[in-house]
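Undergrad: Structure provided below as C-alpha cells; questions to follow.
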Amino acid sequence: MDPRREKILLGGLVTGLIGYGTVVVLLAVFNIIAGRSPFYTAALFGNNLFFGGSGAEVEVTTAPVVVYNMVHLAVFLLIGLLASWLVTLGEEYPLARYLLFFVLVAVAVHLYMLLVFFTTPMLGGTAWLQIGIPSLTAAALMGWYLLKTHPVLRRTLKDTPLGE
C-alpha cells in the first residue's frame, strides 16, 4: 500500500477512535453523575432515532445502545478519515489549509448546532452543554493527535499559518 494512503487511513482510524472514545467516556461520566446508567444517553438516542421512541424517558436496553454506538462509531471513523486526509493535504499543499480551516470551523459549528437542535427535546435545556463538552474535548484530542503525527504541518503552521 502507498505510504501516504496508509498514513491517512491509519491516522483516520486512530483519530476516529479517539473522538468516539472521548465522547462515550464523557457521556458515561455525565450520566453517572446524574444518577443514571452510563448507557442512558446511548439508549435514549438509539431508542429515539431507530426504534420510534420519543421523549427523555427511556429504558436502557441492549438493542438501542448497540445500534446507536455502531452508527456513532461509524460517523466518528468517517470524521477521522476526513480530518486525516485534510491534514495530510494541508501538509502537502499550503493552500489546502484554507479548506481545512473552513471544514474545522464552519462545518463543525453547524454540525454542533444541528446536534443541539435535535437533542434539546430529549436532553432539555442543558443539551448544548451535554453535547458541547464531549464534542469540544473530542475535537481537541483529535486535533492534538493529528498535529502530533504531522510534524511538518505543525512546524509550518508556526512559520506561516495558512501558507504564503
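The values are calculated or read from the model by the stated rules, or taken from the named source; none is laboratory data. Here the structure is a predicted model, which means the values were calculated and not measured. For neighbour counting, all protein chains shown are included, and Cβ atoms are generated from backbone atoms with ideal geometry for every residue, glycine included. Keep in mind that these areas ignore ligands, DNA and RNA; they rest on the heavy atoms of the full protein, side chains included. Shrake-Rupley method; radii C 1.70, N 1.55, O 1.52, S 1.80 Å.
Undergrad: When only C-alpha pairs under 8 Å and at least 6 residues apart count, what is the relative contact order of the chain, in percent?
TA: Dividing the mean separation by the residue count of the chain yields 29 percent.
Undergrad: Here are labelled values, (i) 15.3, 49; (ii) 17.7, 56; (iii) 20.1, 62, and one is the computed Rg and Dmax of the Cα atoms in Å for what I pasted. Which one?
TA: Computed from these coordinates, Rg and Dmax of the Cα atoms in Å corresponds to label (ii).
Undergrad: Once neighbouring chains are kept in place and the probe is 1.4 Å, which whole percent of the accessible area of the chain is contributed by carbon and sulfur?
TA: Carbon and sulfur: 75 percent of the exposed surface of the chain.
Undergrad: Using the Kyte-Doolittle scale, which helices in the chain average at least 0.0 and also have C-alpha atoms spread 24 Å or more along the helix axis, with helices defined as whole DSSP H runs?
TA: Span-like helices here: 3-33, 62-92, 127-148.
Undergrad: Tell me the per residue accessible area of the chain using a 1.4 Å probe; a whole number in Å² is fine.
TA: Ligands and nucleic acids excluded, the figure is 59 Å² per residue.
Undergrad: Take peptides 124-132, 64-72 and line them up by average Cβ neighbours within 10 Å, highest first, as a rough protection proxy.
TA: 64-72, 124-132
Undergrad: Another question, if that's okay. I'd like the distance separating the alpha-carbon centroids of the range 106-158 and the range 46-71, in whole Å.
TA: 23 Å
Undergrad: What fraction, in whole percent, of alpha-carbon pairs in the range 18-77 exceed 12 Å separation?
TA: Taking all Cα-Cα pairs of the range 18-77, the fraction more than 12 Å apart is 64 percent.
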